[in-house]
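Since the structure comes first, as structure tokens, the remarks are kept for the end.
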Amino acid sequence: MEKELQIGVFPNLPKEKVRAWLPRLVEFCREEEIPLVFPREIAGSFGVPGYDQEDPASLSQLSLALTLGGDGTILRAARYVTPLNIPLLGVNMGKLGFLTEVEAKDLFPTLLKVKKGAYTLEKRNMLQLTVWQGGKMTCKAHALNDMVLESSDRSRLTRLSLKVVGEPTANAPSDGLIIATATGSTAYSLSAGGPVVHPSLQVSIITPICPHALHARPLVIPMEHPIEITPRPPYETILISADGMTVSNLAWNQRALIEKSPNDARFVRINPLSYYTTWQDRMLKNEGQTIL
């Protein structure tokens, strides 16, 4: 039996534009009888039910996660809702918004389409990280965009040994290493010289950050191929982040395993846009913002 519509709102509250939209959103949804659930800390002031993002039982009432912000807002929400198979609908209230589906001006027409069920769901692969010390797992995390390994001391090189499906691959001292999904190919990996990859492809992209070797280049591999990473001497403290959030250290006697996550992120799609047109439009828009 399909879950009744219950939209959980994940707002980027520090953004003034987002805060200005919240009263309008509540008023519109009351008129259209669209059930909303807000973060518990602000739900009372808007007279709507609340959820606790740290509590899976609280989140399980949601049938859809509506993010108000940019790509970072989607990535944060995905950490909590993807394991519960809750789809994401991103509303761009930031600048770039590669992952968002609609602009703020289209929010209300989009909600009416959602209410009618006039949408499709698109699956996106995610990565799973596990950190091991001997036979004991010390950390598990998931990422929609990327896993990044780098020295805690930014002035020092990161030295890592890399194996793909158990086979050694090229190692080079660098400022760090990015393991990205196809979805994350337009994020940090792209800035570090990695390729743009169509999000439907089930691949992992291994991109060194400022490598100290001419032979070191980004590598695209099947996502089913596990990647094993261990520190090399002289040992530095290695930090591992998942979608921009530090999740673990990697000590000299530990190994990190990055592989395809059993969870897929699901995105609500209202209009069948052309990916090739969309990414170029948003890339050019972003470049325009950096020119003074």
Subject >> the chain: angle of helix 275-290 to the longest principal axis, Cα-based, in degrees nearest 10 >> reply: 80 degrees
Subject >> Total charge dipole magnitude, the chain, about the Cα centre, Cβ charges on Lys, Arg, Asp, Glu only, Debye to nearest 20 >> reply: 260 debye
**OP:** Please list Trp21, Trp252 in order of solvent-accessible area, largest first, computed with a 1.4 Å probe with all protein chains present.
**Re:** Trp252, Trp21
Subject >> For percent of Cα pairs over 31 Å apart, calculated from these coordinates, the label among (1) 27; (2) 33; (3) 23 >> reply: (2)
Original post:
Assuming R0 = 30 Å, what is the FRET efficiency of Lys113 and Lys17, from their Cβ-Cβ distance, to the nearest 0.05?
Top reply: 0.85
Subject >> Cβ-based net charge around Val148, under 14 Å, with every Lys or Arg adding one and every Asp or Glu removing one >> reply: -3
Subject >> Sum of side-chain charges, Cys210 neighbourhood, beta-carbon under 12 Å (Lys, Arg +1; Asp, Glu -1) >> reply: -1
Original post:
Given Asn125, Leu149, Val18, which one lies farthest toward the positive end of the charge dipole of segment 1-155, if we put +1 on the Cβ of every Lys and Arg and -1 on the Cβ of every Asp and Glu?
Top reply: Leu149
Subject >> Distance in nm between pseudo-label sites at Cys210 and Met137 (7 Å out along the Cβ direction from Cα) >> reply: 3.5 nm
**OP:** Taking a cut-off of 23 Å between Cα atoms, list the lysines near Lys3, but don't count ones fewer than 8 places away on the same chain.
**Re:** Lys113, Lys115, Lys116, Lys123
**OP:** Work out from phi, with θ = phi - 60° and the Karplus expression 6.51 cos²θ - 1.76 cosθ + 1.60, the ³J(HN,Hα) of each residue of segment 136-152, listed in order in whole Hz, and give x for Gly and Pro.
**Re:** 9, 7, 9, 7, 9, 8, 10, 9, 8, 9, 6, 10, 10, 10, 7, 5, 5
**OP:** Could you tell me what percent of the accessible area of the chain is made up of carbon and sulfur, with a 1.4 Å probe and every protein chain present?
**Re:** 53 percent
**OP:** Would you tally the net charge around Gln128, using a Cβ to Cβ cut-off of less than 11 Å, leaving Gln128 out, and scoring K and R as +1, D and E as -1?
**Re:** +1
Original post:
Counting DSSP beta bridges with both partners in the chain, what percentage is antiparallel, nearest 5?
Top reply: 75 percent
Subject >> lysines with Cα under 24 Å of Lys15, excluding same-chain neighbours fewer than 8 positions away >> reply: Lys95, Lys105, Lys285
**OP:** Mind checking which of Leu99, His198, Leu64 is farthest towards the positive end of the chain's charge dipole, using Cβ charges of +1 (Lys, Arg) and -1 (Asp, Glu) about the Cα centre?
**Re:** His198
Original post:
Excluding same-chain residues fewer than 8 positions from Lys260, which aspartates and glutamates have a Cα within less than 20 Å of its Cα?
Top reply: Glu122, Asp146, Glu167, Glu224, Glu228, Asp243
Original post:
Can you give the accessible area per residue of segment 1-110, in Å², using a 1.4 Å probe?
Top reply: 46 Å²
Original post:
Who wins for biggest fluctuation among Gly193, Gly44, Gly184 in a Gaussian network model of the chain, springs between alpha carbons below 10 Å?
Top reply: Gly44
Subject >> Residues with amide H under 5 Å from that of Leu160, placed H, sequence gap 5 or more >> reply: Ala172, Arg232
Original post:
Using 0.36 nm per residue, how much length does the chain from Leu201 to Phe46 gain when fully extended, once their Cα-Cα distance is taken away?
Top reply: 51.7 nm
**OP:** Enter the angle in degrees (range 0 to 90, nearest 10) between the Cα long axis of helix 107-116 and the first principal axis of the Cα atoms of the chain, meaning the one along which they spread out most.
**Re:** 80 degrees
**OP:** Taking the Cα centre of segment 25-109 as origin, work out the dipole magnitude from +1 charges on Lys and Arg Cβ and -1 charges on Asp and Glu Cβ, in debye rounded to 20.
**Re:** 240 debye
**OP:** Determine, from the Cβ-Cβ distance of Lys95 and Arg30 and an R0 of 45 Å, the FRET efficiency 1/(1 + (r/R0)^6), rounded to the nearest 0.05.
**Re:** 0.90
Original post:
Once you charge only the Cβ atoms, +1 for Lys and Arg and -1 for Asp and Glu, what is the size of the charge dipole of segment 132-279 about its Cα centre, to the nearest 20 debye?
Top reply: 100 debye
Original post:
Taking amide H positions as placed 1.01 Å from N in the peptide plane, with prolines and chain starts having none, which residues 5 or more places from Gln53, or on another chain, fall under 5 Å of its amide H?
Top reply: Arg40
Subject >> Zone of Trp252's modelled label, taken as backbone nitrogen in segment 160-186 under 12 Å from a point 7 Å along Cα→Cβ >> reply: none
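The values are calculated or read from the model by the stated rules, or taken from the named source; none is laboratory data. Note that the structure is predicted; figures quoted are calculated from it, not measured. Heads up, the Cβs are rebuilt from the backbone with ideal geometry, glycines too, and the neighbour counts pull from every protein chain shown. All accessible areas refer to the heavy atoms of the entire protein, side chains included, with ligands and DNA or RNA removed. Shrake-Rupley method; radii C 1.70, N 1.55, O 1.52, S 1.80 Å.
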